[in-house]
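J.: Handing you this structure, nothing more for now.
The values are calculated or read from the model by the stated rules, or taken from the named source; none is laboratory data. Small disclaimer: the values here were computed from a predicted structure and weren't measured. Please note: Cβ atoms are built from the backbone with ideal geometry, for glycine as well, and neighbour counts cover all protein chains shown.
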Amino acid sequence: MTCPVCSQRKARRSCPALHQTICSVCCGTKRLVEIACPDDCPHLAAAREHPPAVVKRQQEEDVAVLLPGIQHLTERQYQLFFLFHNAIARHVPEGFARLVDEDVAQAAASLASTLETSSRGVIYEHKPQSSTALRLMNDLTAMLAQIRSQGATVNDGEAAIALRAIDEGARTVGRATSGGATAYLDVMSRLLQLRRGARAADAPTPAQSSLILP
(Lines give C-alpha, C1' and ligand atoms only; values in the text may rest on other atoms or scores of the structure.)
Protein backbone atom coordinates (compact mmCIF):
# COMPACT_ATOMS: atom_id res chain seq x y z
CA MET A 1 0.00 0.00 0.00
CA THR A 2 1.36 3.41 -1.01
CA CYS A 3 1.40 6.29 1.44
CA PRO A 4 -1.65 8.52 0.73
CA VAL A 5 0.27 11.65 1.76
CA CYS A 6 3.30 11.49 -0.55
CA SER A 7 2.04 8.84 -3.00
CA GLN A 8 5.61 7.57 -3.24
CA ARG A 9 6.70 5.42 -0.32
CA LYS A 10 5.19 2.36 1.25
CA ALA A 11 2.69 3.04 4.03
CA ARG A 12 3.80 1.40 7.28
CA ARG A 13 2.57 3.54 10.20
CA SER A 14 -0.98 3.90 11.38
CA CYS A 15 -1.79 7.62 11.74
CA PRO A 16 -4.55 8.35 14.28
CA ALA A 17 -4.89 11.94 13.02
CA LEU A 18 -5.52 11.00 9.37
CA HIS A 19 -7.13 7.63 10.15
CA GLN A 20 -4.89 6.12 7.49
CA THR A 21 -1.61 4.30 7.23
CA ILE A 22 1.24 6.52 6.06
CA CYS A 23 4.98 6.16 5.48
CA SER A 24 7.53 6.77 8.23
CA VAL A 25 9.07 9.73 6.36
CA CYS A 26 5.79 11.65 6.17
CA CYS A 27 5.10 10.74 9.79
CA GLY A 28 8.45 12.16 10.86
CA THR A 29 8.59 15.30 8.70
CA LYS A 30 4.94 16.40 8.72
CA ARG A 31 4.26 15.65 12.39
CA LEU A 32 2.68 18.71 14.11
CA VAL A 33 3.48 20.77 11.01
CA GLU A 34 0.96 19.54 8.45
CA ILE A 35 -0.58 16.74 10.53
CA ALA A 36 -2.46 17.64 13.72
CA CYS A 37 -1.21 14.72 15.79
CA PRO A 38 -3.27 13.82 18.88
CA ASP A 39 -1.39 13.70 22.19
CA ASP A 40 -1.90 9.94 22.51
CA CYS A 41 -0.20 9.13 19.19
CA PRO A 42 2.48 6.53 20.03
CA HIS A 43 4.84 7.79 17.30
CA LEU A 44 4.61 11.36 18.62
CA ALA A 45 5.26 10.20 22.18
CA ALA A 46 8.27 8.15 21.09
CA ALA A 47 9.71 11.08 19.13
CA ARG A 48 9.37 13.38 22.15
CA GLU A 49 11.07 10.92 24.47
CA HIS A 50 13.82 9.85 22.07
CA PRO A 51 14.44 12.46 19.34
CA PRO A 52 17.03 11.48 16.73
CA ALA A 53 20.54 12.72 17.49
CA VAL A 54 20.54 15.06 14.49
CA VAL A 55 17.24 16.61 15.61
CA LYS A 56 18.44 17.05 19.18
CA ARG A 57 21.66 18.65 17.98
CA GLN A 58 19.70 21.06 15.76
CA GLN A 59 17.44 22.00 18.68
CA GLU A 60 20.46 22.74 20.87
CA GLU A 61 22.03 24.89 18.15
CA ASP A 62 18.76 26.80 17.61
CA VAL A 63 18.38 27.55 21.32
CA ALA A 64 22.03 28.60 21.61
CA VAL A 65 21.78 31.09 18.74
CA LEU A 66 18.46 32.53 19.94
CA LEU A 67 19.15 32.69 23.69
CA PRO A 68 21.35 35.83 23.78
CA GLY A 69 18.53 37.91 22.31
CA ILE A 70 15.75 36.70 24.64
CA GLN A 71 17.42 35.83 27.95
CA HIS A 72 16.66 39.31 29.32
CA LEU A 73 12.90 38.95 28.75
CA THR A 74 10.49 38.57 31.64
CA GLU A 75 8.00 35.70 31.58
CA ARG A 76 5.25 37.93 30.18
CA GLN A 77 7.58 39.38 27.53
CA TYR A 78 8.68 35.85 26.66
CA GLN A 79 5.03 34.86 26.16
CA LEU A 80 4.49 37.90 23.94
CA PHE A 81 7.61 37.05 21.96
CA PHE A 82 6.15 33.67 21.01
CA LEU A 83 2.64 35.05 20.50
CA PHE A 84 4.03 37.51 17.96
CA HIS A 85 5.89 34.64 16.31
CA ASN A 86 2.68 32.64 16.06
CA ALA A 87 1.24 35.55 14.06
CA ILE A 88 4.40 35.66 11.90
CA ALA A 89 4.11 31.93 11.24
CA ARG A 90 0.49 32.35 10.09
CA HIS A 91 1.24 35.36 7.89
CA VAL A 92 0.75 34.81 4.16
CA PRO A 93 2.51 37.39 1.94
CA GLU A 94 0.52 38.94 -0.87
CA GLY A 95 0.93 37.68 -4.43
CA PHE A 96 4.36 36.25 -5.20
CA ALA A 97 6.09 38.05 -2.32
CA ARG A 98 8.30 36.00 -0.02
CA LEU A 99 8.63 36.73 3.68
CA VAL A 100 12.29 37.01 4.69
CA ASP A 101 14.14 37.94 7.88
CA GLU A 102 14.55 41.56 6.78
CA ASP A 103 10.75 41.93 6.50
CA VAL A 104 10.35 40.50 10.00
CA ALA A 105 12.97 42.90 11.38
CA GLN A 106 11.35 45.92 9.72
CA ALA A 107 7.84 44.98 10.87
CA ALA A 108 8.91 44.31 14.46
CA ALA A 109 11.05 47.46 14.68
CA SER A 110 8.34 49.70 13.25
CA LEU A 111 5.63 48.38 15.55
CA ALA A 112 8.00 48.61 18.53
CA SER A 113 8.73 52.26 17.68
CA THR A 114 5.00 52.97 17.37
CA LEU A 115 4.32 51.41 20.78
CA GLU A 116 7.26 53.18 22.40
CA THR A 117 5.99 56.49 21.03
CA SER A 118 2.50 55.70 22.29
CA SER A 119 3.82 54.90 25.79
CA ARG A 120 5.16 58.47 25.90
CA GLY A 121 1.70 59.84 25.12
CA VAL A 122 2.30 60.54 21.42
CA ILE A 123 0.22 58.85 18.73
CA TYR A 124 2.36 58.26 15.65
CA GLU A 125 2.52 55.17 13.45
CA HIS A 126 6.00 54.25 12.29
CA LYS A 127 5.91 52.33 9.01
CA PRO A 128 8.48 49.97 7.48
CA GLN A 129 9.87 50.57 4.00
CA SER A 130 8.89 47.17 2.61
CA SER A 131 5.26 46.63 1.64
CA THR A 132 5.59 42.99 2.73
CA ALA A 133 6.84 44.16 6.13
CA LEU A 134 3.95 46.63 6.38
CA ARG A 135 1.38 43.87 5.89
CA LEU A 136 3.16 41.76 8.49
CA MET A 137 3.17 44.71 10.88
CA ASN A 138 -0.59 45.01 10.41
CA ASP A 139 -0.96 41.33 11.35
CA LEU A 140 1.15 41.81 14.48
CA THR A 141 -0.92 44.87 15.43
CA ALA A 142 -4.13 42.86 14.95
CA MET A 143 -2.77 40.03 17.11
CA LEU A 144 -1.96 42.45 19.91
CA ALA A 145 -5.44 43.96 19.68
CA GLN A 146 -6.94 40.46 19.77
CA ILE A 147 -5.29 39.37 23.00
CA ARG A 148 -6.24 42.69 24.59
CA SER A 149 -9.85 42.22 23.51
CA GLN A 150 -9.81 38.84 25.26
CA GLY A 151 -9.07 40.57 28.54
CA ALA A 152 -5.27 40.39 28.75
CA THR A 153 -3.55 43.48 30.12
CA VAL A 154 -0.56 44.19 27.87
CA ASN A 155 1.10 47.57 28.13
CA ASP A 156 2.82 49.10 25.13
CA GLY A 157 6.24 49.03 26.79
CA GLU A 158 6.41 45.29 27.41
CA ALA A 159 5.07 44.51 23.92
CA ALA A 160 7.75 46.80 22.46
CA ILE A 161 10.49 44.94 24.37
CA ALA A 162 9.33 41.60 22.92
CA LEU A 163 9.25 43.12 19.43
CA ARG A 164 12.77 44.54 19.85
CA ALA A 165 13.97 41.01 20.65
CA ILE A 166 12.39 39.80 17.40
CA ASP A 167 14.01 42.67 15.49
CA GLU A 168 17.42 41.85 16.96
CA GLY A 169 17.06 38.13 16.26
CA ALA A 170 15.96 38.67 12.67
CA ARG A 171 18.99 40.88 12.04
CA THR A 172 21.63 38.78 13.80
CA VAL A 173 20.75 35.07 13.55
CA GLY A 174 21.53 34.93 9.84
CA ARG A 175 25.03 36.28 10.46
CA ALA A 176 25.57 33.96 13.43
CA THR A 177 24.57 30.86 11.48
CA SER A 178 25.84 31.84 8.03
CA GLY A 179 22.29 31.18 6.91
CA GLY A 180 20.32 32.64 4.06
CA ALA A 181 17.59 35.24 3.90
CA THR A 182 15.24 33.14 6.07
CA ALA A 183 17.74 31.82 8.66
CA TYR A 184 15.88 33.40 11.59
CA LEU A 185 12.46 32.33 10.32
CA ASP A 186 13.78 28.76 9.91
CA VAL A 187 15.11 28.70 13.48
CA MET A 188 11.84 30.04 14.86
CA SER A 189 9.77 27.60 12.82
CA ARG A 190 11.64 24.67 14.36
CA LEU A 191 11.40 26.13 17.88
CA LEU A 192 7.67 26.86 17.52
CA GLN A 193 7.10 23.25 16.52
CA LEU A 194 9.10 22.10 19.54
CA ARG A 195 7.22 24.52 21.82
CA ARG A 196 3.82 23.34 20.53
CA GLY A 197 4.83 19.77 21.26
CA ALA A 198 5.98 20.63 24.78
CA ARG A 199 2.82 22.60 25.54
CA ALA A 200 0.63 19.77 24.26
CA ALA A 201 2.44 17.35 26.54
CA ASP A 202 2.23 19.64 29.58
CA ALA A 203 -0.36 22.33 28.90
CA PRO A 204 -0.57 25.07 31.56
CA THR A 205 -3.87 25.85 33.19
CA PRO A 206 -5.28 29.37 32.61
CA ALA A 207 -4.32 30.32 36.17
CA GLN A 208 -0.68 29.58 35.44
CA SER A 209 -0.42 32.19 32.70
CA SER A 210 -0.61 35.97 33.05
CA LEU A 211 -1.69 36.33 29.43
CA ILE A 212 -4.75 35.06 27.62
CA LEU A 213 -3.44 33.07 24.68
CA PRO A 214 -5.47 33.20 21.45
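J.: Test LEU111 against the stated conditions and say whether it is crowded, with 18+ Cβ neighbours inside 10 Å, closer than 23 Å to GLU34 by Cα and either among the polar types (S, T, N, Q) or out of contact with any Gly (no Cβ under 8 Å at 6 or more places or on another chain) (or both).
T.: Here the answer is no, as LEU111 does not meet what is asked.
J.: I've got another one for you. Do you know which residues across the stretch 160-198 are closer than 13 Å to ALA109 by Cβ and among the small types (Gly, Ala, Ser)?
T.: If the condition is that a residue be closer than 13 Å to ALA109 by Cβ and among the small types (Gly, Ala, Ser), then ALA160, ALA162, ALA165, GLY169, ALA170 are the ones that fit.
J.: Let me ask something else about it. Among the residues that make up the stretch 19-26, is at least one of them in contact with a Phe, Trp or Tyr (Cβ under 7 Å, 6 or more places away or on another chain) and in a helix (DSSP H, G or I)?
T.: no
J.: Only one residue in ASP39, ASP62 is touching a residue at least 40 places away in the same chain (Cβ under 8 Å), over 23 Å from GLY180 (Cβ atoms) and either in the same structural domain as MET143 (by TED's automatic domain parsing) or not in a strand (DSSP E or B) (or both), so which one is that?
T.: None of the other options fit; the residue is ASP39.
J.: OK, next. Is at least one residue of the stretch 28-41 modelled with pLDDT of 90 or more, of a type in the set (D, E, K, R) and either under 19 Å from the mean Cα position of the chain (by Cα) or more than 27 Å from TYR184 (Cβ to Cβ) (or both)?
T.: So far as the stretch 28-41 goes, no, none of its residues is modelled with pLDDT of 90 or more, of a type in the set (D, E, K, R) and either under 19 Å from the mean Cα position of the chain (by Cα) or more than 27 Å from TYR184 (Cβ to Cβ) (or both).
J.: Please state which one of ARG31, ARG9, ARG76 is charged (D, E, K, R) and either closer than 25 Å to GLY174 by Cβ or surrounded by fewer than 16 Cβ atoms within 10 Å (Cβ to Cβ) (or both).
T.: ARG9
J.: Would a scan of the stretch 203-213 turn up a residue that is modelled with pLDDT of 75 or more, surrounded by 11 or more Cβ atoms within 10 Å (Cβ to Cβ) and among the hydrophobic types (A, V, I, L, M, F, W, C)?
T.: no
J.: Among the residues of the stretch 1-39 satisfying the criterion of being touching a strand residue (DSSP E or B) at 6+ places or on another chain (Cβ under 9 Å) and of a type in the set (Ser, Thr, Tyr), which is farthest from ALA89 (Cα to Cα)?
T.: The qualifying residue farthest from ALA89 (Cα to Cα) is THR2.
J.: Let me ask something additional. Within the stretch 131-159, take every residue that is over 17 Å from ALA87 (Cβ atoms) and of a type in the set (Ser, Thr, Tyr) and give me the one that is surrounded by the fewest Cβ atoms within 10 Å (Cβ to Cβ).
T.: It comes out as THR153.
J.: Please tell me if GLN79 is out of contact with any helix residue (DSSP H, G or I) (no Cβ under 8 Å at 6 or more places or on another chain) and assigned to a helix (DSSP H, G or I).
T.: yes
J.: Could you tell me which of the residues THR132, THR153 is assigned to a helix (DSSP H, G or I) and β-branched (Val, Ile, Thr)?
T.: Among THR132, THR153, only THR132 is assigned to a helix (DSSP H, G or I) and β-branched (Val, Ile, Thr).
J.: Just checking, which of ALA46, ALA108 is part of a helix (DSSP H, G or I) and touching a Leu at 6+ places or on another chain (Cβ under 9 Å)?
T.: From the options ALA46, ALA108, the qualifying one is ALA108.
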